[in-house]
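Structure first, then comments.
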Amino acid sequence: MELKDIVAISGMGGLHHVIGRNRNGLIVESIDAQRKRFSTTLNQKISVLADIALFTSGEDARLAQVLKNIRAAEAEGLQVPDGKADNDAYKAFMEKALPDYDRERVYVSDMRKLAVWYSVLRDVLDFEKLDETAEEGSEQAGDSLTEDTRSKNTPRNVPPPTAKVAPVKGPAGGKSKTSTPRKMGS
């Protein structure tokens, strides 16, 4: 399973694997023992994990790179905190996983979510492909910055061109009459 196929849905706990698409949204399967399948709606906020980044003191760190760092630190003896750990345990975990994270903008709730996501993904994620996507993501980041600056230079408040619509005429060539019922007098 790759990171681009895994989503987080707001209002629903856990992570989900994208199986397919339908006209109203995505068809997903939960990543847990139940493997419950359902479809999403257009109103639900869906975040693809490959698009998520964490704030750092320099450039933002992609989630793929952070997960790779956690995997390497875990091999060296890092303990991933469980859901009942205190805030200091999560801060120590984050310090080893991503030492230059922005301490003002990355909250403990974000650290907790990262630890839970890693615990879920530890057994199902293909970390070899994660290495490849982390390298591709850093190369594409430079390309996307140039696209972003181009889009900022284009005017946004220009309304689209409108076509003039000719008035509809009835069968006699005049304007058509409305079909509202007449009020009958008594």
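What follows is calculated from the coordinates using simple rules that are stated; it is not laboratory data. Predicted model only: the values in this text are computed from it and were never measured. Neighbour counts are summed over all protein chains in view; Cβ atoms, including those assigned to glycine, are modelled from backbone coordinates with ideal geometry.
Key figures for this structure:
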| item | result |
| --- | --- |
| Failed item, numbered, when LEU42 is tested on (1) of a type outside the set (Ser, Thr, Tyr); (2) without any contact (Cβ under 8 Å) to a residue 24 or more places away in the chain; (3) assigned to a helix (DSSP H, G or I) | (3) |
| SER47 being part of a helix (DSSP H, G or I), under 22 Å from ILE6 (Cα atoms) and among the small types (Gly, Ala, Ser) | no |
| Filtered residue count, segment 96-123, keeping only those that are part of a helix (DSSP H, G or I) and either exposed (fewer than 13 other Cβ atoms within 10 Å of the Cβ) or of a type in the set (Lys, Arg) (or both) | 4 |
| Residue under evaluation VAL80, criteria (1) over 17 Å from SER109 (Cβ atoms); (2) crowded, with 16+ Cβ neighbours inside 10 Å, criterion not met | (1) |
